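Here's the structure, in structure tokens; my notes come after.
FYI, it's all coordinate maths here, none of it is from the lab. Fair warning: this is a prediction, and the values are worked out from it, not measured in the lab. As a convention, Cβ positions derive from the backbone with ideal geometry for all residues, glycine included, and neighbour counts pool all protein chains shown.
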Amino acid sequence: MKNLFKLSDISIDEIEAIIKESIRFKAGMKYDKLEGKRVINAFFEPSTRTQYSFISAEQNLGMIATNFNVETSSVKKGESLYDTMKTFEMIGYDVAIVRHPTIKYYEELDGVKIPILSGGDGSGSHPTQSLLDLMTIYEEFGHFKGLKIAFIGDIRHSRVAHTNIEIMDRLGMETYTSGPKGFDDGSAPFINFEKALREMDIIMLLRVQFERHEYDMTLDRNQYFNEYGMTKERVALMKNSAIIMHPAPYNRGIEISDYAVECSKSRIMKQMQNGVFVRMTVLKRAFES
Ligand code: CP
């Protein structure tokens, strides 16, 4: 049984094996050993892509999926995360998917015996998002070493940026950040935005996470778009071979224009599609010894 909390727990060899297996699932590989296994999707924070691509992955694998509804649960009576997850173990679930706003929430779950796959912990990690990003990059370039990527925008609040920078550095990629200085948390070297547009192989835009700003953000949305938004003109500055990524959901008209969302350089739709296949792989992995 294997949990999945953060990619820093996983070796490079295993990361590469997960990506290659996900590509095989995308090519139609069948796997029937999880048929009939029960999975609880426990999302304590809103989610569309992660939640529903896990459900799609579970259905592809013949699993029996249940979606936990926090609003109608005993969480509303004060039940703890540990007691909630222990209950799922005792009533017969075989595996749990958990997204929770608390950074490292999984440290509370030591006594839970079923595998737990994280769908994100606050502004900590988002391992399956990073795996689908890596799969998308691998499909595009066929390797990682030496590729240059800049994360643009709200680095400070982005579990996607934090997770990706850690694993991409280990994979030999060159990682940078750019955007408003107030969002920079020193996770990677800072690069001027226009220089990043001209030199990077991958521009990964990040959603401005208004809901995580603990202070009254004075940054004007129009000003953000004018200074850092991915406009048609900025797309034109990128190298011919370079691509645009975004974990989504995106704020149209703030960090990205309507044009850029589905332009020829965008791999955003492919990222969403690949989410199903990496989630099939990590579900399979959860039951391996
Ligand atoms: N990228 C991502 O995690 O999207 P959701 O919040 O919709 O799951």
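As a rough guide to protection, the peptides 167-178, 249-260 ranked by mean Cβ packing within 10 Å, highest first, stand as 167-178, 249-260. Annotation: aspartates and glutamates with alpha-carbon distance below 12 angstrom to K86 (same-chain offsets under eight excluded): D94, E108, D110.
Computed from Cα atoms, the angle from the helix 81-90 axis to the main principal axis of the chain rounds to 50 degrees. Could you sort out which of K2/K284; K2/K104; K37/K113; K26/K148; K6/K33 sit more than 19 Å apart by Cα distance in this structure? Pairs exceeding the cut-off: K26/K148; K6/K33. Rounded to the nearest 10 degrees, the angle from helix 127-141 to the longest Cα principal axis of the chain is 50 degrees. Taken one residue at a time, the phi angles of region 274-289 give Karplus couplings (6.51, -1.76, 1.60, θ = phi - 60°) of 5, x, 5, 6, 5, 6, 4, 5, 6, 5, 4, 4, 4, 9, 8, 7 Hz. Gly and Pro are set to x. In the chain, the longest principal axis of the Cα atoms and the axis of helix 159-170 are about 80 degrees apart. A protection proxy built from the mean count of other Cβ atoms within 10 Å ranks the segments 241-247, 154-160, most packed first, as 154-160, 241-247.
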